[in-house]
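Here's the structure we're looking at; comments come further down.
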Amino acid sequence: MALRFWLLTVSVIVSAFGLAWGLGSVLGKAPAASPWTMVFHPAFAVSSLLLVAGSFCLSRALAEVRRERQPEFRSWLTRALVAGALFTAVQSYALWAISPTERGASEASRGVRPFIMVLCTLHALHFLIAIMGLCFVTVRAWADKYDHEYHWGVSVCAGFWHFLGVVWVAVLAVISIAL
């Protein structure tokens, strides 16, 4: 089971970053703004919708496992995993798109862009942990480890995802104030 967990986690993360690279290749980078200003990148709105979709899918998966509907439970869990991978891809593209073209000490200490980059990157790192947890729960779900009596892992995974959604709303609020 550990090998399945590792393979699923690596494949989700690699495919997410591959998709982010593809988005960067197709869409290109946003026009450079001054380091003192920043424009809200549309990819943040798309990633927010993907986060909400994943949250909905995890809530449905939790409801289905409590009703002992295993095929539906696994289906909703897999959809949440896909939404998480897409969120990671779009978020990675958004971070790449807003990153400054100049990389020096003076550029890193000016404006709101570095602050927003740090907030979004910290959220993304926590989200990678959530993806790993979701991969673990998905592997265990496909191995019939959860039922209506034991679904603690699914509950923790859904709770962490919802918590990260609330944190993302706070990050978006900070971004809107900083713009």
Legend entry - Flag for residue 105 being modelled with pLDDT under 90, surrounded by fewer than 16 Cβ atoms within 10 Å (Cβ to Cβ) and within 20 Å of the chain's Cα centre (by Cα): no
Inset, instruction - Only one of these is surrounded by fewer than 13 Cβ atoms within 10 Å (Cβ to Cβ) and at pLDDT 75 or above: 122, 128, 134. Name it. - result: 122
Inset, instruction - Of all residues in the range 141-168, count the ones that are within 21 Å of residue 95 (Cβ to Cβ) and touching a residue at least 60 places away in the same chain (Cβ under 8 Å). - result: 4
Inset, instruction - Inspect the range 144-163 for any residue being over 30 Å from residue 3 (Cβ atoms) and out of contact with any helix residue (DSSP H, G or I) (no Cβ under 8 Å at 6 or more places or on another chain) and give the result as yes or no. - result: no
Inset, instruction - Confirm whether residue 49 is out of contact with any helix residue (DSSP H, G or I) (no Cβ under 6 Å at 6 or more places or on another chain), surrounded by 13 or more Cβ atoms within 10 Å (Cβ to Cβ) and either of a type outside the set (Val, Ile, Thr) or modelled with pLDDT of 65 or more (or both). - result: yes
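The values are calculated or read from the model by the stated rules, or taken from the named source; none is laboratory data. This structure is a prediction, so every number in the text was calculated from the model and none was measured. With ideal geometry, Cβ positions are generated from the backbone for all residues, glycine too; neighbour counts draw on all protein chains shown.
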